[in-house]
Amino acid sequence: MKRTPIIGVMGGGNADFQALEHAEKLGTLIAEKGWILLNGGRCTGIMEATAKGAFETGGITVGVLPDSGTETMSKYITIPIVTGMGHARNTINILSSDVVVACPGGAGTLSEIALSVKCGKPLILFGFDPKSELAILMKNQGLIMATSPEDVVQKIQLILDK
């Protein structure tokens, strides 16, 4: 039996309305595909939005939490992984994901992008300005850019089908 794909969606704790709306839609689409959503598990930003979309669609949501408890966990996480590792938990996020989707965020998201590249994980950038230095650098590395939640899911499917 083939294992259910785990899709890691990384992104900032602070995000604008459009990014949150797109993140929630992405979570919904991931759940509709029957994939598992993995994220940082916190009740803020991209993490909360993707978990909400997946959870409310009946999907499985895994949150890899930085703390030694669940106090900051999103109510939309069905499987919490409590690490007590702080930012080091980003390594678990990346290594546990079959495909990584990076949405805009801060230094934590940038570290997850770097870990994805370093570990050879398929990486899709979503919501980044295609003319930004990061997007140009990542495109030159052969990484994938997506323009909508539907585009992300289509590109994930192409990766999984290889």
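The values are calculated or read from the model by the stated rules, or taken from the named source; none is laboratory data. Predicted, not measured: the structure shown is a model, and the values here were computed from it. All Cβ positions, glycine included, derive from the backbone under ideal geometry; neighbour counts span all protein chains shown.
What to note about this one:
- If you go through region 16-39 and keep only what is closer than 14 Å to residue 104 by Cα and outside any helix (DSSP H, G or I), you end up with 16, 39.
- Residue match in region 125-135 (condition: at pLDDT 90 or above, in contact with a strand residue (DSSP E or B) (Cβ under 7 Å, 6 or more places away or on another chain) and either surrounded by 12 or more Cβ atoms within 10 Å (Cβ to Cβ) or closer than 16 Å to residue 40 by Cβ (or both)): yes
- Those residues of region 19-61 which are of a type in the set (S, T, N, Q) and closer than 17 Å to residue 94 by Cα, in sequence order: 39, 50, 61
- Unmet requirement for residue 116, which otherwise passes all of (1) more than 15 Å from residue 8 (Cα to Cα); (2) assigned to a helix (DSSP H, G or I); (3) among the polar types (S, T, N, Q): (1)
- Qualifying residue in region 106-113 (condition: modelled with pLDDT of 95 or more, part of a loop (DSSP other than H, G, I, E, B) and out of contact with any helix residue (DSSP H, G or I) (no Cβ under 6 Å at 6 or more places or on another chain)): no
- Screening 88, 19 for residues that are surrounded by 16 or more Cβ atoms within 10 Å (Cβ to Cβ) and either over 12 Å from the mean Cα position of the chain (by Cα) or within 26 Å of residue 134 (Cα to Cα) (or both) leaves exactly one candidate, 19.
For every residue, the table says whether it meets (1) at pLDDT 95 or above; (2) farther than 21 Å from residue 146 by Cβ; (3) of a type outside the set (Asp, Glu).
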{"position": "1", "(1), (2), (3)": "no, yes, yes"}
{"position": "15", "(1), (2), (3)": "no, no, yes"}
{"position": "25", "(1), (2), (3)": "yes, no, yes"}
{"position": "30", "(1), (2), (3)": "yes, no, yes"}
{"position": "41", "(1), (2), (3)": "yes, yes, yes"}
{"position": "59", "(1), (2), (3)": "yes, no, yes"}
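- Condition met for residue 63 (touching a strand residue (DSSP E or B) at 6+ places or on another chain (Cβ under 6 Å), surrounded by 18 or more Cβ atoms within 10 Å (Cβ to Cβ) and not in a loop (DSSP other than H, G, I, E, B)): yes
- Filter pass, residue 97 being assigned to a loop (DSSP other than H, G, I, E, B), crowded, with 24+ Cβ neighbours inside 10 Å and of a type in the set (Ser, Thr, Tyr): yes
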